[in-house]
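Pasting in a structure now, in structure tokens, and then I'll have a few things to ask.
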Amino acid sequence: MKNPDIPITDDHIHIDPVNGRGIEAAKDFMRAGGTHLFLVTKPSWSYGIEPDEGEDYRRAFDATIAMAGRIREIGLCAYPVLGIHPAEITRLAGRVGAERAPAIMMEGLDLAARYVADGKAVALKSGRPHYPVDGEVMEASNIVLSHALRLSASLGCALQIHAESGPCTDVVAMADAAGMPVFKVVKHFATPDTPLTPSIIAKDEAIPALAASGRLFTMESDYMDENSRPGAVIGPKSVPRFTRRLLSEGAITEEDAFRIHAVAPSRIYGVEIE
């Protein structure tokens with residue numbers, strides 16, 4: 001099928017020039033029909049960083065912004081999303097202690113927020129562990145997440161969250177307490193039952209029904225770009241290919257596709273996707 005005359009947006013992708021294919025992965029996305037992507041900071045350890053303070057995340061943020069610049073040079077629109085991966089708390093607690101770990105993460109989020117305020121990034125990333133942790137770690141993670149929500153609310157930007165599988169309904173109250181519009185809280189790797197804005201992996205067969213409902217949502221690959229795990233989570237061609245497949249089968253309409261790939265990210269992130 002010919003590429004539809006609409007934008008195709010990957011809402012959560014990583015491009016890593018050191019540990020992965022780098023710009024070649026972005027070219028794959030473009031050749032498959034992709035036009036816009038939200039480039040998300042990888043965890044600090046991907047950059048060889050062992051943070052002792054928030055400022056130590058600067059190298060990861062600068063690398064993400066530089067990569068976005070290289071991606072734009074090949075003709076794609078790239079929007080940096082900066083933040084702290086929630087799994088950082090486990091690694092940090094083992095190295096600097098459970099009390100200091102969340103403080104470092106919040107300092108890192110403060111730094112990321114300054115990049116957003118300066119117009120160098122469009123959104124923040126935070127969350128809580130997607131794997132089992134004890135109550136103390138989860139409480140500390142929710143403190144970090146609440147801080148991220150307050151920062152996003154003050155900036156008027158979106159927040160992508162990486163969290164456990166499921167709806168994460170309690171985050172609605174956390175967002176309300178922070179003064180953060182719930183629709184600007186994006187649940188990465190979401191299930192359709194979340195009250196947050198779902199970003200759905202581009203192989204989920206629930207997408208046609210969700211699109212038919214008129215729900216505001218986005219699509220993502222969560223491509224990790226790691227040579228040690230080629231194609232994980234799914235490859236960089238996945239969002240455009242899956243969109244074209246759904247269109248060719250009549251499972252979604254071009255109006256649905258435009259709402260997913262242009263209307264939703266434009267409203268959520270405050271960018272202009274045409």
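Based on this model, can you work out whether Thr90 counts as in a helix (DSSP H, G or I), touching a strand residue (DSSP E or B) at 6+ places or on another chain (Cβ under 6 Å) and among the hydroxyl-bearing types (Ser, Thr, Tyr)? Talk me through it step by step, then tell me what you get.
Working: in a helix (DSSP H, G or I): yes; touching a strand residue (DSSP E or B) at 6+ places or on another chain (Cβ under 6 Å): no; among the hydroxyl-bearing types (Ser, Thr, Tyr): yes.
No.
Here is a list: Leu151, Leu145, Leu155. Which entry is touching a helix residue (DSSP H, G or I) at 6+ places or on another chain (Cβ under 8 Å), under 18 Å from Pro43 (Cβ atoms) and aliphatic (A, V, I, L, M)?
Numbers: Leu151 fails: under 18 Å from Pro43 (Cβ atoms); Leu155 fails: under 18 Å from Pro43 (Cβ atoms).
Only one candidate qualifies: Leu145.
On to the next question. For the range 184-205, how many residues meet the condition of being assigned to a loop (DSSP other than H, G, I, E, B) and in contact with a strand residue (DSSP E or B) (Cβ under 8 Å, 6 or more places away or on another chain)?
Residues that pass the stated criteria total 8.
Consider only pairs whose beta carbons are under 9 Å apart and that are at least six residues apart or on different chains; among these, list those whose first residue lies in the range 142-154 and is over 19 Å from Glu164 (Cβ atoms) and whose second residue is modelled with pLDDT of 95 or more and among the β-branched types (Val, Ile, Thr).
Final answer for the pair search is Leu151/Val116; Ser152/Val116; Ser152/Val185.
Go through (1) surrounded by fewer than 19 Cβ atoms within 10 Å (Cβ to Cβ); (2) touching a helix residue (DSSP H, G or I) at 6+ places or on another chain (Cβ under 9 Å) for Lys184 and report which single condition fails.
Only one criterion is unmet by Lys184, namely (1).
Same structure, new question: Restricting to the range 206-241, what's the tally of residues that are assigned to a helix (DSSP H, G or I), touching a helix residue (DSSP H, G or I) at 6+ places or on another chain (Cβ under 8 Å) and surrounded by 20 or more Cβ atoms within 10 Å (Cβ to Cβ)? Break it down into steps so the answer makes sense when it comes.
In the first step, residues of the range 206-241 are kept if they are assigned to a helix (DSSP H, G or I); the result is 207-212, 238-241.
Checking which are touching a helix residue (DSSP H, G or I) at 6+ places or on another chain (Cβ under 8 Å) leaves us with 207-208, 211-212, 239-240.
Going one step further and asking which of them are surrounded by 20 or more Cβ atoms within 10 Å (Cβ to Cβ), we end up with 207, 211, 239-240.
Number satisfying all stated conditions: 4.
Could you grab me the full set of residues in the range 58-86 that are touching a Pro at 6+ places or on another chain (Cβ under 6 Å) and of a type outside the set (Val, Ile, Thr)?
Quick first cut of the range 58-86, residues touching a Pro at 6+ places or on another chain (Cβ under 6 Å) only: 64-65, 68, 85-86.
Listed by number, the residues that qualify are Ala68, His85, Pro86.
Hey, another quick one. Kindly check whether there is at least one residue in the range 166-179 that is of a type in the set (Gly, Ala, Ser), in contact with a strand residue (DSSP E or B) (Cβ under 7 Å, 6 or more places away or on another chain) and part of a loop (DSSP other than H, G, I, E, B).
Narrowing the range 166-179 to residues of a type in the set (Gly, Ala, Ser): 166, 173, 175, 177-179.
Still in the running and in contact with a strand residue (DSSP E or B) (Cβ under 7 Å, 6 or more places away or on another chain): 175.
Those still in the list that are part of a loop (DSSP other than H, G, I, E, B) too: none.
No, the range 166-179 contains no residue that is of a type in the set (Gly, Ala, Ser), in contact with a strand residue (DSSP E or B) (Cβ under 7 Å, 6 or more places away or on another chain) and part of a loop (DSSP other than H, G, I, E, B).
Looking at the range 234-257, can you tell me whether even one residue there is within 22 Å of Thr194 (Cα to Cα) and free of Cβ contacts under 8 Å to residues at least 12 places away in the same chain?
The answer is no; no qualifying residue exists.
Let me ask something else about it. Taking the condition of being touching a strand residue (DSSP E or B) at 6+ places or on another chain (Cβ under 9 Å) and outside any helix (DSSP H, G or I), how many residues in the range 93-128 meet it? Let's see the steps before the verdict.
Keep residues of the range 93-128 that are touching a strand residue (DSSP E or B) at 6+ places or on another chain (Cβ under 9 Å), which gives 105, 108-109, 111-113, 115-116, 120-128.
Going one step further and asking which of them are outside any helix (DSSP H, G or I), we end up with 120-128.
Residues in the range 93-128 being touching a strand residue (DSSP E or B) at 6+ places or on another chain (Cβ under 9 Å) and outside any helix (DSSP H, G or I): 9 in total.
Considering only the range 1-16, I want to know if a residue exists there that is farther than 23 Å from Gln160 by Cα and in contact with a Phe, Trp or Tyr (Cβ under 8 Å, 6 or more places away or on another chain).
Our first condition is that a residue be farther than 23 Å from Gln160 by Cα; within the range 1-16, this holds for 1-6.
If we keep only those that are in contact with a Phe, Trp or Tyr (Cβ under 8 Å, 6 or more places away or on another chain) too, we end up with 6.
Yes, because at least one residue in the range 1-16 is farther than 23 Å from Gln160 by Cα and in contact with a Phe, Trp or Tyr (Cβ under 8 Å, 6 or more places away or on another chain).
Is it the case that the range 63-72 has a residue that's under 16 Å from the mean Cα position of the chain (by Cα) and over 16 Å from Ile15 (Cβ atoms)?
No: zero hits.
Just checking, how many residues over the range 71-86 are surrounded by 16 or more Cβ atoms within 10 Å (Cβ to Cβ) and either out of contact with any helix residue (DSSP H, G or I) (no Cβ under 9 Å at 6 or more places or on another chain) or part of a helix (DSSP H, G or I) (or both)? I'd like the intermediate steps shown before the answer.
Initial filter on the range 71-86 (surrounded by 16 or more Cβ atoms within 10 Å (Cβ to Cβ)): 71, 76-86.
Now narrow it down to the ones that are either out of contact with any helix residue (DSSP H, G or I) (no Cβ under 9 Å at 6 or more places or on another chain) or part of a helix (DSSP H, G or I) (or both): 71.
The total comes to 1.
The values are calculated or read from the model by the stated rules, or taken from the named source; none is laboratory data. Given the structure is predicted, the values throughout are model-derived calculations rather than measurements. Note that we place each Cβ from the backbone using ideal geometry, even for glycine, and neighbour counts take in every protein chain shown.
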